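Notes follow the structure.
The values are calculated or read from the model by the stated rules, or taken from the named source; none is laboratory data. Treat the numbers as computed from the prediction; the structure is a model and nothing was measured. Cβ placement follows ideal geometry from the backbone for every residue including glycine, while neighbour counts extend to all protein chains displayed. Accessible surface areas use protein heavy atoms only, side chains included; no ligands, DNA or RNA. Shrake-Rupley method; radii C 1.70, N 1.55, O 1.52, S 1.80 Å.
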Amino acid sequence: MRTAYSVETVRAAERELMARLPDGALMQRAAAGLAAACAELLGRVYGSRVVLLVGSGDNGGDALYAGARLSRRGAGVTAVLLAPDRTHTGGLDALRRAGGTIVRGTDADAAAEPIRRADLVVDGIVGIGGKGGLRPDAAPLADLARASRAAVVAVDLPSGVEAGSGEVRGAAVRADLTVTFGTHKPGLLVDPAKEYAGSVRLVDIGLSLPGEAELEALQHADVAALLPVPGAESDKYRRGVVGIVAGSARYPGAAVLAVAGALRGGAGAVRYVGPAGDAVIARFPETLVSDGSPERAGRVQAWVVGPGVGEDGDAVAAVLKNDVPVLVDADGLRLAERGVVRARSAPTLLTPHAGEAAALLGVSRDEVEGARLASVRELAAAYGATVLLKGSTTLVAEPGGGAVRVNSTGTAWLATAGSGDVLSGLTGSLLAAGLGARDAGSVGAYLHGLAGRFAADGAPVGAYEVADAVRGAWRDVMEG
């Protein structure tokens, strides 16, 4: 499992470690890892042209010491100093001794020319405490680096993004590679900041970090350990039965796709309740179909309600009365009363996309997309429910706080009609099989994203094809 820690936790761990090490040793560890990553990206260090964008903090010192190492290996290294009077003295002396060139960032022409000719630009402008985007004097240099043919490497995280929240509130560096130290920072895993980070390499510098992280990202082994696997004595009821309330005369496809996802999700049986029974049976004859109310459908271990139900608020209310886990999606999100959700004793999992989350919070979609981590936490607290906020990085937060789960297995091709219905059915099936809301949401998002990659394979894909690819994703996870 990958983890990310808050800025405050990282700084406390760094202080504790520095107190036990010789002066400057921690920065040397970071610089060595940074220089190695830069050398690998360059391929051939000797004769290459490297530009360091150096701010006043420790990230600038890391960049200078790494630049000195590259210079000693034959690279032509130029440091552009954005705060000449506050530049890290030891790093600057090391670069000068290694033969590096120094340019003041206030001299626009002198700073611009080496960037245009560079093979590699190292972003050491701002550290993990930066807020509010790049300053006006730094933004043009970031633009020049992006416009050049150079690869851009960020030190710890791209300057201008906010480490703790993943927000980008102004101009920021767009990196091809981010070399981060000790642990991931939340901004490297959460959009929109994640888009600016490029590939991420973690360099171990010996930090001792506490047990609970700010963010968690499941990996194959974590998901494999959570997947429900039937035993020798299992039958369809022991494996779990999931109920689906979805679809309408106008949107029968939502029911078909939610059932498709549920049938791939590990539960032993799927009960469908709603007006699209004929369409469901035509595609999936193994489904247990009822055209009555949810109360008369038979026993289930979890419900999914909402995809394509239109204005059927009575069905949503009936499902929420059940004392079993309930997943609420799509139309169900606006029909579910907040007070009713908060009063439930059984787990509730809400699965909005950014637009739906914005409506529930009473803010604009842009506000949710710009502050995804804060938004998913706020929504979970407001509804007293687990919330899965869909997107390029899907987030799962619990109402009581704790580490937010982040998933990035998906592909942009999953932004297609019906994809969310498949995710709802798949995740509901995992709930019925016995996973808690947080685990079901995290595992469902992981499998759904992986299935989207497999089904798309770099080309457009339909939601039903994603559902059909869940089995392949499941096997891939179990095989490691």
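Distance from the alpha carbon centroid of region 301-378 to that of region 1-28 works out to 40 angstrom. Rounded to the nearest whole Hz, the Karplus-based 3J(HN,Hα) values (6.51 cos²θ - 1.76 cosθ + 1.60, θ = phi - 60°) of region 128-135 follow the sequence 6, x, x, 9, x, x, 6, 5, with x at glycine and proline. Each peptide in 423-432, 328-337 gets a packing score, the mean of other Cβ atoms within 10 Å over its residues, and the list from highest to lowest is 423-432, 328-337. Between the labelled values [x] 81, 47, 44; [y] 80, 42, 39; [z] 68, 55, 44, the entry that holds Cα extents along the principal axes in Å as derived from this structure is [x]. To the nearest ten degrees, helix 108-117 and the longest principal axis of the Cα atoms of the chain are 70 degrees apart.
Applying 1/(1 + (r/R0)^6) with R0 = 35 Å to the Cβ-Cβ distance of residue 359 and residue 16 gives a FRET efficiency near 0.20. Any idea what angle helix 58-72 forms with the longest principal axis of the chain, computed on alpha-carbon atoms, 0 to 90 degrees, nearest 10? That helix lies at roughly 60 degrees to the long axis.
Where both bridge residues fall in the chain, DSSP classifies roughly 15% of the beta bridges as antiparallel. For the chain, relative contact order (Cα pairs under 8 Å, six or more residues apart, normalised by length) works out to 12 percent.
At 1.4 Å probe size, with the rest of the protein present, what percent of the exposed accessible area of the chain is carbon and sulfur atoms?
Exposed carbon and sulfur together represent 47 percent of the surface.
Each Cα pair under 8 Å and six or more residues apart adds its sequence gap; the mean of these over the residue count of region 214-286 is a relative contact order of 32 percent. Annotation: amide H-H contacts under 5 Å for residue 79 (H modelled 1.01 Å from N, sequence separation of 5 or more, or interchain): 52, 101, 102, 103. Using the alpha-carbon atoms, what tilt in degrees (0 to 90, nearest 10) does helix 7-18 show relative to the longest principal axis of the chain? Long axis of 7-18 versus the principal axis of the chain: about 50 degrees. The string of couplings for region 200-212 from the Karplus curve (6.51, -1.76, 1.60, θ = phi - 60°) is 10, 10, 9, 9, 6, 10, x, 6, 9, 10, x, x, 8 Hz, one whole number per residue in order, with x for Gly and Pro. Put simply, the amide H of residue 304, placed in the peptide plane, has neighbours under 5 Å in 243, 244, 245, 327, leaving out anything fewer than 5 places away on its chain. Accessible surface for the chain, divided over its residues, is 40 Å² per residue with a 1.4 Å probe. For the pair region 428-462 / region 402-425, the C-alpha centres are spaced 7 Å from each other.
Sequentially through region 419-436, phi angles give Karplus couplings (6.51, -1.76, 1.60; θ = phi - 60°) of 4, x, 5, 4, 4, 4, x, 4, 5, x, 5, 5, 4, 5, 6, x, 6, x Hz, Gly and Pro residues having no value and appearing as x. The mean sequence distance of close C-alpha pairs (under 8 Å, at least 6 residues apart), as a share of the length of region 221-379, puts its relative contact order at 17 percent.
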